[in-house]
1. For the chain, what's the relative contact order in percent, using C-alpha pairs closer than 8 Å and at least 6 residues apart?
2. Can you give the direction-averaged projected area of the convex hull of the alpha-carbon atoms in the range 399-446, in nm²?
3. Given an 8 Å cut-off on Cα distances and at least 6 residues of separation, report the relative contact order of the range 54-305 as a percent.
4. Tell me, what is a quarter of the convex hull surface for the C-alpha atoms of the range 194-319, in nm² with one decimal?
5. To the nearest 10 degrees, how steeply does helix 17-26 sit against the main Cα axis of the chain, on a 0 to 90 scale?
6. Among rounded, prolate and oblate, which fits the range 184-228 when a ≥ b ≥ c are the square roots of the eigenvalues of its C-alpha gyration tensor, a/c under 1.5 means rounded, and a/b larger than b/c means prolate?
7. Between 312, 303, 165, where does the largest GNM mean-square fluctuation fall for the chain, given springs only between Cα atoms within less than 10 Å?
8. For the pair residue 124/residue 201, report the inter-label distance in nm, with labels modelled 7 Å from Cα in the Cβ direction.
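Taken together, the values in this text are just the output of simple stated rules run on the coordinates, not laboratory data. Please read all numbers here as calculations on a predicted model, not as lab measurements. Note that we place each Cβ from the backbone using ideal geometry, even for glycine, and neighbour counts take in every protein chain shown.
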Ligand SMILES: *Cc1c(COP(=O)(O)O)cnc(C)c1O
């Protein structure tokens, strides 16, 4: 049962085949270079691409733009306290800004940070502090076929190995990312959260939750963890976040806004240090680089995030896309995560060698065939890391209908039909930093 109807619409158009060919060529076979106007269904990311509610748009108009102590900030504080259980909040312009504030205050040169899996910007901020980002995913996290309920979990065993290697005194922070974005958006159980918390206590580390998709995670707990069937998403989210000493949040995910983020902490001293860094990097601590109206919209968004009907719609839509693709014979990471479906392009285009980027070839083919934009997360994005050649289809929140999902599935079916005729790609121009190549490199068909 759909929990929303449409109040504002945006016209979209599928350019004809000839135009799509020309656009692809002009973009250097890199869909980051396409104009969004030329994309029919845009599944590049779920970050900041969703639709706001009428209540959020109303909050925008009431935004208080006072430099210090604005009413909109007070609304955000009260939403974070009610929904997430934290009294001390510092806004930031987006999630990575929040990471800079928090990890800059907690992590020093030579430290090691443990995380179920570091999201790219988290890893970069840990490295920026001169520290090592060590991943501790569950054994089955990267097994595409293991149908298990909580493949996003933190492995305490792996974490212990790292502590034995470097010594507890060098591990100031343990992070739990829920859902585990870099492990196909898989959820983390409440039991595992408790274990990770106990482990952090044992080594005297600060326990941080990266809460970007906290409500999606709570929905999975309700569905899959014994004892939570009757609990509300709001109460599960509170219970899970109650374990944390600090939170990092990107408003672009389950703040249900297009930009923004924040840090929340319990310790007053840490709060002071984070606020000092906010003044340096983001803005005065009651706005942190966000407009007052955006704080107000995010405050409303946080409350909407934990509405069962809202999050059910979301998870069911991602799952529906996954099930339809699987029925069409497309090889997938299973089960679908909270925000995206991951296609195994290496298997789908088995005749294209990894060094000719089967994932990127699929991404280009999806645009050529149906004006669909996806993103490659394999050899092209992460050169030489031996990652499987996955393509991610991330669904913006409250944006697309079942017809759009069907269009994506039809597009896949057409591409799969002529898979053998599709060739790989080669890079003809790339930026200096290899880590950033997939954002701007240009390619051509082999
Ligand atoms: C998106 C994301 C971030 C960073 O947030 P931005 O708003 O994109 O800067 C951090 N952690 C996770 C898990 C994310 O998904």
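1. Working: 958 pairs, mean separation 102.3, N = 446.
Worked out over the chain, it gives 23 percent.
2. Result: a mean projected hull area of 5.2 nm².
3. Working: 548 pairs, mean separation 80.2, N = 252.
RCO, the range 54-305: 32 percent.
4. On the way: hull surface 35.1 nm².
Mean projected area of the Cα convex hull: 8.8 nm².
5. Tilt relative to the chain: about 60 degrees.
6. Numbers: a/c = 2.97, a/b = 1.64, b/c = 1.81.
Note, shape of the range 184-228 comes out oblate.
7. Sorting by GNM fluctuation, first place goes to 165.
8. 3.6
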